[in-house]
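Chemist: What follows is a single structure, and I will ask about it in a moment.
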Amino acid sequence: MSQPVSSAEARPSTLRVLLDNRPSYLSFGLAWLLGHGAYAMSHGADPLLRLPAAVPTALLIAGLLIAMVITSVVTMRAQRGATGADAVVGNLLAVSWLVGFGALFLVITALSSALAQDDLKMLLWPTGSGLIVGLLYLAGGAAYRDVLQYALGAWLALTSTAALFLDGASPYWVLALAGGGSYLVAAAVEPRRRALAA
């Protein structure tokens, strides 16, 4: 005798939204390469490049803002018409970015104040941002069963935090090359992932 199938078991177990993350990966990769790379090259007593202090920060912020706009457009297009679990997951992940970076702001502000070291922000913001982005990609990869996004998140979280053990310009080289480079590798692999998931 066959067992009755519950409504929960009858529902599909995977989400239907298939994001194309190439524009997001490319834009974030370039932002990390240019922003962190400019800081690495202009940092220290004998820098490779003599740049005004505001230039690396401006490059990074502008690059990240452009990348966030591109990512928002890509996500909104993919989520258009999404209902049920798809819509809930998309909305929760979007809000998670605000929560994650809001929490990071509080941690960095509190630590800098407690230790009376304002220059700590210059190290904690880029490495902490890499950690938050990595954790959010872990969540997105798990929610959408996207192994590539999950692997990228794990890599970003681990390399960004490991960079804290380094000094001088080294943390920024790690963020630029290991972080920005991993985004570009992910962008190159993304078409294959989509073909297999379709």
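The values are calculated or read from the model by the stated rules, or taken from the named source; none is laboratory data. Computed from a prediction, not measured in an experiment: that's the story for all the values here. With ideal geometry, Cβ positions are generated from the backbone for all residues, glycine too; neighbour counts draw on all protein chains shown. Protein only, heavy atoms only, side chains kept; ligands, DNA and RNA dropped before computing areas. Shrake-Rupley method; radii C 1.70, N 1.55, O 1.52, S 1.80 Å.
Chemist: Would you say residue 172 is of a type in the set (Ser, Thr, Tyr) and closer than 17 Å to residue 64 by Cα?
Modeler: Yes; evaluated as a whole, the condition is true for this residue.
Chemist: Go through 84, 102, 37 for me and flag whichever is surrounded by 12 or more Cβ atoms within 10 Å (Cβ to Cβ) and not aromatic (Phe, Trp, Tyr).
Modeler: 37
Chemist: Would you be able to tell me the number of residues in the stretch 105-122 that are modelled with pLDDT under 85, surrounded by 10 or more Cβ atoms within 10 Å (Cβ to Cβ) and of a type in the set (A, V, I, L, M)?
Modeler: Qualifying residue count for the region: 2.
Chemist: In the stretch 149-168, which residues are surrounded by 20 or more Cβ atoms within 10 Å (Cβ to Cβ), of a type in the set (A, V, I, L, M, F, W, C) and closer than 17 Å to residue 22 by Cα?
Modeler: 152, 156
Chemist: Still on this structure: Return the pairs, sorted by first residue and then second, in which the second residue is crowded, with 19+ Cβ neighbours inside 10 Å, the first residue lies in the stretch 121-139 and is within 18 Å of residue 110 (Cα to Cα), the beta carbons are less than 6 Å apart, and the residues are 6+ apart or on different chains.
Modeler: 126/175; 127/160; 127/163; 131/157; 131/160
Chemist: Also, I was wondering about something else. Only one of 27, 72 is of a type outside the set (Lys, Arg), within 18 Å of residue 178 (Cα to Cα) and part of a helix (DSSP H, G or I). Can you tell me which?
Modeler: Being of a type outside the set (Lys, Arg), within 18 Å of residue 178 (Cα to Cα) and part of a helix (DSSP H, G or I) holds for just one of 27, 72, which is 27.
Chemist: Now for a separate question. Identify, please: which residue in the stretch 61-72 is in contact (Cβ under 8 Å) with a residue 40 or more places away in the chain and out of contact with any Phe, Trp or Tyr (no Cβ under 6 Å at 6 or more places or on another chain) and is, among those, most open to solvent (accessible area, probe 1.4 Å)?
Modeler: Filtering the stretch 61-72 for residues that are in contact (Cβ under 8 Å) with a residue 40 or more places away in the chain and out of contact with any Phe, Trp or Tyr (no Cβ under 6 Å at 6 or more places or on another chain), the one most open to solvent (accessible area, probe 1.4 Å) comes out as 70.
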